[in-house]
Amino acid sequence: MDFGAIIETIGRFVQETNLPKQIKDVDYMGLSTNPWFLVPFVSGTGYLLFKQAFRDLIILGIILGVWYASGTPYMQTLVVGGELRVAKILPVLFGGAGILGVLIYLLLGRSD
C-alpha cells in the first residue's frame, strides 16, 4: 500500500466519522466539570508531579494551550470568505514555529 492510499484512507475515515464536527461541538465547560475526565486528568498530572517529570508536564501544558488557542475567536477569523488573511496568519505561523522549537528541544535536547 503506497503513501497516497494511506492518506486517502485516513481522510475518508475522518470524514465518515465526522471527527472535525465532533471536536468543534465539544462542551468545554461540561468537560471541565465531568468527573470521568477530571479524575484521570488530575491523577495523571499528579503522577507526573510526583515523578518530577517536568518535561512531560511542559509538553502537556503546550498541548492544552494549543487546544485552547485553536478555539479562540482569533482563529475563527483567519479565513474570511474563502480567503486566508495573511496579516492574521503570520503570528500563528511564528507562534507555531516557536512552539515546535520548544518541543524539539524538550524531546531531543540534553536530558539530565
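The values are calculated or read from the model by the stated rules, or taken from the named source; none is laboratory data. In this text the structure is predicted, and so the values were computed from the model without any measurement. These area figures cover heavy atoms from the full protein model, side chains too; ligands, DNA and RNA do not enter into them. Shrake-Rupley method; radii C 1.70, N 1.55, O 1.52, S 1.80 Å.
On a 0 to 90 degree scale, rounded to 10, what angle separates helix 3-16 from the longest Cα axis of the chain?
Taking the Cα atoms of the chain, the angle to 3-16 is about 90 degrees.
Which whole-Hz ³J(HN,Hα) couplings does the range 22-33 yield from phi under the Karplus relation 6.51 cos²θ - 1.76 cosθ + 1.60, θ = phi - 60°, glycine and proline marked x?
Per residue, the Karplus-derived 3J(HN,Hα) values read 5, 5, 5, 8, 5, 8, 5, 5, x, 5, 6, 10 Hz.
Given a 1.4 Å probe, how much area per residue of the chain is accessible, in Å²?
Values: 9220 Å² over 112 residues.
Here the per-residue accessible area is 82 Å².
Please give the helix 86-108 orientation as an angle from the longest Cα principal axis of the chain, in degrees from 0 to 90, rounded to the nearest 10.
Rounded to the nearest ten degrees, it is 40.
For the Cα atoms of the chain, what angle does the longest principal axis make with the long axis of helix 54-69, in degrees from 0 to 90, nearest 10?
Value to nearest ten degrees: 30.
Carbon and sulfur atoms: what percent of the 1.4 Å accessible area of the chain do they account for?
Numbers: 6480 of 9220 Å².
Carbon and sulfur: 70 percent of the exposed surface of the chain.
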